[in-house]
Every structure is written in structure tokens, then in C-alpha cells.
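See below for the structure under consideration.
The values are calculated or read from the model by the stated rules, or taken from the named source; none is laboratory data. Owing to the predicted nature of the structure, the values given are computational and were not obtained by experimental measurement. As a convention, Cβ positions derive from the backbone with ideal geometry for all residues, glycine included, and neighbour counts pool all protein chains shown. Areas reflect the complete protein model, heavy atoms only, side chains present, ligands, DNA and RNA absent. Shrake-Rupley method; radii C 1.70, N 1.55, O 1.52, S 1.80 Å.
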Amino acid sequence: NTITVGPREALLVREIAGIRPTWTDRPVVGPWRGQVQVRAHGEPVTAEIAYADDRVVARLDEPIAGVAAGQALVSYRGSQVVGSATISETVS
């Protein structure tokens, strides 16, 4: 619940954590390469995704702007949806 005012670089997010994940099949344990999407009509971005302790963490290859807690994080492996989670925190 922090508002950041300043240059665009201050809004860039490199890591996203999500809680309460739901899966299309069973959870993918351990780090894996895939894509994540945070906007309904946005393009997925490549990331290293890990699931542990009922939390999903995505480390993005390229930072994105305008990501906030409460948004949905959807993970993909190729064109297949793997799961989703509610964003709980972001790291610049």
C-alpha cells in the first residue's frame, strides 16, 4: 500500500510475489521458466517462476511498470495456463 511518485524507473518491478495460488493441474514445484501476465490484455513476460510455502514468486527477465498488490498474476508454460495467484508484493 505504497504510492510511488517520481520517474518511470521508480515504478519498474523486477519481482512479483503472489498468494493463494490456484493451479490448472498440480503445482509445479521448484523454479521453472515460463511467462507471467498481470494485465487482462497485456503481453506475458518471460520469468523464472518458483512455488514454495503456498506462495508464487516470479523473477522477471525484463522489468514492467504499474504492478500493484491485489492484481492477478497468471503463469504460462508456452501457451498453456499453469495457474494464477493474487499479487501480494512487488520488488523493484
Total charge dipole magnitude, the chain, about the Cα centre, Cβ charges on Lys, Arg, Asp, Glu only, Debye to nearest 20: 140
Nearest-10 value in Å² for the accessible area of Arg39, using the 1.4 Å probe: 100
Accessible surface, per residue, of the range 3-42 when the full set of protein chains is kept, probe 1.4 Å, Å²: 71
Solvent accessible area, Å² - Ile19, 1.4 Å probe, full protein context: 50
Overall dimensions of the chain as given by Cα atoms, namely Rg and Dmax in Å: 12.5, 41
Candidates per GluC sites (Glu not before Pro) in the chain, loop by DSSP, up to 15 other Cβ within 10 Å: none
Whole-number percent relative contact order across the chain, with pairs defined as alpha carbons under 8 Å at least 6 apart: 38
Of all accessible heavy-atom area on the chain, the percent that carbon and sulfur account for (1.4 Å): 50
